[in-house]
Amino acid sequence: MFSEADIAALMLTLKLAGISTLVLILFGTPLAWWLAKSAWRFKFLIEALVALPLVLPPTVLGFYLLVAFSPQSSIGHLFESVVGQPLAFSFTGLVVGSVIYSLPFVIQPLQNAFIAVGRRPLEVAATLRASPSDRFFSVVVPLARPGFLSAAVLGFAHTLGEFGVVLMIGGNIPGETQVASIAIYEHVESMQLASAHWLSAALLLISFCLLVLVYAANPKARVLRL
Amino acid sequence: MGRITTYTTIYLLACLSAQLLCSTVFAAQVKVAVASNFASTAEVIVATYAELSDDKIVLLVGSTGKHTAQIQYGLPVDVFLAADSAMPSLLEDKGLVIDGSRQTYALGRLALWSKDPLLVDANGEVLKKSRFKRLAIANPKTAPYGHAAIQVLSNLGIQPSMVYGESVAQAFQFANSGGAEIALLALSQVIDLQRGSYWLVPSKLHSPIEQQLVILNDVQAARDFVHFLLSEQALSIMELHGYTRPATTSYTRPALNDNTAPAQIESTIK
């Protein structure tokens, strides 16, 4: 059924998706808030930049990251001299790639949720002497909860299904960068079709359960509204 | 139950200590980038090697072209088992490999395969008589077996209608799904299959498919593994899986404390 390497690949995929989602929610929330509230003239430029991974072929993103992460490039060199290990073909590199790749899937639901909250609840809270951080955490976060849920699930699920980027920057190292989608590709390439079937079924089941969970918990929340 | 728990504990402890040992000089780990077509054979060789050595061999499976690109961008592998000779020489020209390590480890053979047990005859007449609609081959621009397949067709003077797979594995998928009736594949793909019919294409119909290796990181464990790969034991495993042994197996194991070796290594690194 599942070889040891297959289970390692599945666990690695879940770990990658989990960490990437955490990073995305942490850094995506302020960005989405700014996008929802800012009146800056050139905001559309940032919005276009955030949406870019939606339309860009993963191989293009992966290729640029491969070049940027290599020890010969300034980014790769800087990272290696600070952290002490190379960014290319490492788990950290995959996290950076996944965060960029899944960015729009987290930012857009959050931005929509923040816009939907509107100004009124915040103004009311302000008249009740709520501090800005209090207003955000006790008013905006509860009201935007479906948005957070959508963002987290979409970010997680999209990272689960990541393939092209990891193929370019991962290097298929078992236990380090060999995620499930890459392991499936390898099984098909080396004609181990039974293993490919099992691993594919596992991914299908995980993805389906995730979505069922979200739709069941929020019958009215429109999760996929991109 | 109790026994299982004990075994699990022992296993976890073993994993933990293995991890700890890896960071010291004890048992070395060798990362080997291996061409997709050779992956299943390499797995058997690695399993055999595990009985002889404590060194852990980690296989990174992928296409030779992709590996070559990634090695130039810093893929941390010690040995590269390529599907052709062009990519290893490219890396050699760029000064990325250990001097003198490039050599042929196996010769690939082509097979004409169909999932129909009666379609392919013992002399490959089916190819000449064109009793099929479509022939699947690997992309001749990127895959050495695809390139060889084109040579076979031109030597036989035939121009069938073809479909191109990204690799021989995809060409096999095309023929296995019935999208193409017949395919020119690597013998290693079909030799163990108990289905369909195949014809071993005479090697005189194409230039040799030389699968070459290079050592990228000069560590003793990498040299030990390459030494085993070219040993009689490993070569006979390769033959069982559809490869022909290279004409010369005069690989002499370069000792690390050899008088000439260190100077060469230093110049390669710099």
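The values are calculated or read from the model by the stated rules, or taken from the named source; none is laboratory data. Predicted model only: the values in this text are computed from it and were never measured. Neighbour counts run over all protein chains shown; Cβ positions are idealised from the backbone, glycine included. The accessibility values were calculated without ligands, DNA or RNA, using every heavy atom of the protein model including side chains. Shrake-Rupley method; radii C 1.70, N 1.55, O 1.52, S 1.80 Å.
Structural remarks
- The criterion of at least 1 residues that are under 30 Å from A:Ala88 (Cβ atoms) is met by the following helices (runs of 4 or more DSSP H) wholly inside the range A:114-226: A:145-160, A:164-169, A:180-189, A:193-217.
- Residue ranges of helices (runs of 4 or more DSSP H) in the range A:10-95 with at least 1 members touching a residue at least 24 places away in the same chain (Cβ under 8 Å) and within 14 Å of chain B (Cβ to nearest Cβ): A:58-69
- Residue within the range B:53-68 that is modelled with pLDDT under 85, under 30 Å from B:Gln233 (Cα atoms) and within 11 Å of chain A (Cβ to nearest Cβ) present: no
- Which listed residue, of A:Pro71, A:Pro30, A:Pro86, is open to solvent by less than 50 Å² (accessible area, probe 1.4 Å) and either modelled with pLDDT under 90 or within 18 Å of the chain's Cα centre (by Cα) (or both): A:Pro71
- Identity of the residue in the range A:96-129, among the polar types (S, T, N, Q) and touching a residue at least 12 places away in the same chain (Cβ under 8 Å), that ends up farthest from A:Val166 (Cα to Cα): A:Asn112
- Enumeration of residues in the range A:22-71 that are touching a helix residue (DSSP H, G or I) at 6+ places or on another chain (Cβ under 7 Å) and of a type in the set (Ser, Thr, Tyr): A:Thr29, A:Thr59, A:Ser70
- Test: residue in the range A:122-131 that is over 21 Å from A:Gly171 (Cβ atoms), surrounded by 18 or more Cβ atoms within 10 Å (Cβ to Cβ), among the small types (Gly, Ala, Ser) and touching a helix residue (DSSP H, G or I) at 6+ places or on another chain (Cβ under 8 Å): yes
- The single condition from (1) of a type in the set (A, V, I, L, M, F, W, C); (2) surrounded by fewer than 18 Cβ atoms within 10 Å (Cβ to Cβ); (3) more than 20 Å from the chain's Cα centre (by Cα) that A:Val141 fails is (3).
- Checked against (1) open to solvent by less than 50 Å² (accessible area, probe 1.4 Å); (2) in contact (Cβ under 8 Å) with a residue 40 or more places away in the chain, B:Asn155 meets all criteria but (1).
- Scope the range B:41-69; condition in a helix (DSSP H, G or I) and within 17 Å of B:Leu230 (Cα to Cα); matching residues: B:Thr41, B:Ala42, B:Glu43, B:Val44, B:Ile45, B:Val46, B:Ala47, B:Thr48, B:Tyr49, B:Ala50
Each row is one residue, and each column tells you yes or no for (1) over 24 Å from the mean Cα position of the chain (by Cα); (2) away from every other protein chain (no Cβ under 14 Å).
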residue: B:Gln151; (1), (2): no, yes
residue: B:Ala169; (1), (2): no, no
residue: B:Glu181; (1), (2): yes, yes
residue: B:Leu185; (1), (2): no, no
residue: B:Arg195; (1), (2): no, no
residue: B:Glu210; (1), (2): no, yes
